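Chemist: Sending over a structure as structure tokens; questions will come in a sec.
Laboratory data are not the source of any read-out in this text; all were calculated from the coordinates shown. This one's a predicted model, so the numbers in the text were calculated from it and none came from an experiment. Glycine gets a Cβ as well: all are built from the backbone with ideal geometry, and neighbour counts include every protein chain shown.
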Amino acid sequence: MTGRLRLYCFPHSGATASVYRPWQTMAGPTTDIRPVDRPGRGLRTREPAAASLSELVEACAREVLADLADDPHVPWMTFGHSFGSVVSLATAAAVAEAGRAPVRAIVSAGLPPAQHSAVDEAAGLDDEALLAQISDIGGTPKSLLGAGPVRDRILRHFREDHAIRSQFSRQRGLRVDIPLSIISARGDTYAPPDRMSAWAEHSTVPSEQVSVDGDHFAVMRDPQPVWAVIHRHITREGQHAHQPG
């Protein structure tokens, strides 16, 4: 394997790629964490938000392709948590179609496309009801949900993401020719292991399913299962490199 493996990380609903900042110091020397912000978020705040899932995927694919341009041989993977699962795999497929296929894609705590509703579930909620939902889901510090501009921005981001999520079911035909690692938490009531297993249908090659203890955000708090996936890949690649020709 040539160079450090790049892991392009896609955040959950309402979040920016800064949620992966701690991972940049937690990852080992073989892995380079590359957080991917959506247009209108984080480092891309000045850009207009994507109006559709297709626009979002195109924007993310352009960013990944531009980042990969400095090394035509560097291996890479995607990681998407919750909302980021569908976006990350669709982006991986788009970049592969452009000629730079990843070695693997990791999806975590996010349902596969066919299990998503085509209804924008936030459209009928007032701000207080949506805030209650955000608080119940977790992943957003409750201290940020009080009145003020931060709360307003969080609400806007969640409404944008709910609108995009309502288009996830259109990706039910998404197929990639790379293995998937499907990570789910046994205590996750939203995306439990038995529902996450359907992700295997989105790859033409055998995939692996990894179940861990904890809730919906277990892997975000402790990404050890992600490091294990990467370690297994690097080990396999090393074994193949030392096999006699």
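Chemist: For the chain, what is the relative contact order in percent, using Cα pairs closer than 8 Å and at least 6 residues apart in sequence? Please report the intermediate quantities before stating the final value.
Modeler: Working: 430 pairs, mean separation 44.3, N = 245.
Once normalised by length, the contact order is 18 percent.
Chemist: Which of Gln209, Ile234, Ala129 sits farthest toward the positive end of the charge dipole of region 103-241, with +1 on the Cβ of Lys and Arg and -1 on the Cβ of Asp and Glu?
Modeler: Ile234
Chemist: Once you sort the root eigenvalues of the Cα gyration tensor of the chain as a ≥ b ≥ c, which label holds: rounded (a/c under 1.5), prolate (a/b larger than b/c) or oblate (the other case)? Before the final figure, lay out each step's value.
Modeler: Numbers: a/c = 1.66, a/b = 1.56, b/c = 1.06.
The shape class here is prolate.
Chemist: At 222 nm, what helix-only mean residue ellipticity would the chain give, in deg cm²/dmol to the nearest 500, using -39500 (n - 2.57) for each DSSP H run of four or more?
Modeler: Values: 8 runs with 91 residues, N = 245.
Estimated from H runs of four or more residues: -11500 deg cm²/dmol.
Chemist: Suppose every K and R has +1 on its Cβ and every D and E has -1 on its Cβ; what is the size of the dipole of the chain about the Cα centre, in Debye to the nearest 20?
Modeler: Details: 25 positive and 28 negative charges, 74 e Å.
With Lys and Arg at +1 and Asp and Glu at -1, about 360 debye.
Chemist: Applying 1/(1 + (r/R0)^6) with R0 = 22 Å to the Cβ-Cβ distance of Ala98 and Ala200, what FRET efficiency is obtained, to the nearest 0.05? Don't skip to the answer; put the middle values down first.
Modeler: Numbers: r = 25 Å, r/R0 = 1.12.
With R0 = 22 Å, the Cβ-Cβ based efficiency is 0.35.
Chemist: Could you bin all the Cα-Cα distances of region 1-130 into 5 Å bins starting at 0 and give me the percent of pairs in each, rounded to whole numbers?
Modeler: Using 5 Å bins, I get a P(r) of 2, 10, 19, 23, 21, 13, 6, 3, 2, 1, 0 for region 1-130.
Chemist: For region 41-92, which trypsin sites (Lys or Arg not before Pro) pass both filters: DSSP loop (anything but H, G, I, E, B) and at most 12 other C-beta atoms within 10 Å?
Modeler: In loop regions of region 41-92 (DSSP not H, G, I, E or B), the sparsely surrounded trypsin sites (Lys or Arg not before Pro) are Arg46.
Chemist: If Lys and Arg each add +1 and Asp and Glu each add -1, what is the summed charge of the other residues whose beta carbon sits under 14 Å from the beta carbon of Asp70? Show your work: numbers first, answer last.
Modeler: On the way: positive: Arg4, Arg6, Arg34, Arg100; negative: Asp32, Glu63, Asp67, Asp71.
In short, 0.
Chemist: With charges only on Cβ, +1 for K and R and -1 for D and E, what is the dipole size of region 119-166 about its Cα centre, in debye, rounded to 20?
Modeler: Values: 6 positive and 9 negative charges, 47 e Å.
Computed about the Cα centre, the dipole is about 220 debye.
Chemist: Mind ranking 74-81, 26-33 by how tightly packed they are, going by the mean number of other C-beta atoms within 10 angstrom, highest first? Walk me through the numbers on the way to the answer.
Modeler: Details: 74-81: 24.8, 26-33: 15.1.
Highest-to-lowest ranking by the protection proxy: 74-81, 26-33.
Chemist: Across region 119-166, what fraction of all alpha-carbon pairs, as a whole percent, falls in each successive 10 Å bin from zero upward?
Modeler: Distribution as computed: 27, 61, 12 percent.
Chemist: Another question about this same structure. Starting from the Cα gyration tensor of region 1-75, take the square roots of the eigenvalues, sort them a ≥ b ≥ c, and report rounded, prolate or oblate (rounded when a/c is under 1.5, otherwise prolate if a/b is larger than b/c, else oblate). Don't skip to the end; give the middle numbers.
Modeler: Details: a/c = 2.67, a/b = 1.46, b/c = 1.83.
Cα axes put region 1-75 in the oblate bin.
Chemist: Net charge within 15 Å of His233 by Cβ-Cβ distance, Lys/Arg positive one each and Asp/Glu negative one each, not counting His233 itself? Spell out each step's value before the answer.
Modeler: Details: positive: Arg4, Arg6, Arg104, Arg232, Arg236; negative: Asp32, Glu208, Glu237.
For residues surrounding His233, the net value is +2.
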